[in-house]
1. Hey, can you tell me all the residues within region 7-56 that are farther than 25 Å from I69 by Cα and touching a helix residue (DSSP H, G or I) at 6+ places or on another chain (Cβ under 6 Å)?
2. Being in a helix (DSSP H, G or I), more than 19 Å from V87 (Cβ to Cβ) and either open to solvent by less than 30 Å² (accessible area, probe 1.4 Å) or in contact with a Pro (Cβ under 7 Å, 6 or more places away or on another chain) (or both) narrows it down to one of V18, V23, so name that one.
3. Criterion first (surrounded by 10 or more Cβ atoms within 10 Å (Cβ to Cβ), among the hydrophobic types (A, V, I, L, M, F, W, C) and either under 21 Å from I13 (Cβ atoms) or at pLDDT below 75 (or both)) does L60 satisfy it?
Amino acid sequence: CRDVEIDEERLGIMKNMVDQCRVEGGIFLVAPEHRLSLENKQKELHISSQYLLSGELDSLISGFPWRDILDESDEMLHHRYQLIYAVGSVSSL
C-alpha cells in the first residue's frame, strides 16, 4: 500500500467505495498489516507536506469502524511475524 501513489483521483475512488459499502451494508476484509500500512501512508503524506491528501485520507481512515479478527492468533502473534513499519525516506546512520 505504501508503494502506491495516492492522488486526489485515487482517494476519490476509495471514498466512493467506502460510501457504497456503507449504503449497501457491506464490509471490507483487509489484513491488519494493510490497514496499518494505509495509516502510515497518511502519516507519510503529512510529513511530505501534502496536507490536503493527508487530511482527506485521515478522515477516511478514522471515519470507518475497523475490527481486527485474528485466526490462529498464537501463530500470527509469534515474534518472527512482527513487522516494522518505517515512515519517511531512507537515511544513513
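The values are calculated or read from the model by the stated rules, or taken from the named source; none is laboratory data. Not measured: the values here are computed from a predicted model. Cβ: placed from backbone, ideal geometry, glycine included. Neighbour counts: every protein chain shown. Only protein heavy atoms, including side chains, enter the accessible area calculation; ligands, DNA and RNA are left aside. Shrake-Rupley method; radii C 1.70, N 1.55, O 1.52, S 1.80 Å.
1. L11, L45, H46, L53, S54, E56
2. V18
3. Details: surrounded by 10 or more Cβ atoms within 10 Å (Cβ to Cβ): yes; among the hydrophobic types (A, V, I, L, M, F, W, C): yes; either under 21 Å from I13 (Cβ atoms) or at pLDDT below 75 (or both): yes.
The answer is yes for L60.
Residue-wise test of (1) at pLDDT 80 or above; (2) more than 13 Å from the chain's Cα centre (by Cα).
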position: C1; (1), (2): no, no
position: R10; (1), (2): yes, yes
position: R35; (1), (2): yes, no
position: H46; (1), (2): yes, yes
position: E56; (1), (2): yes, no
position: D74; (1), (2): no, yes
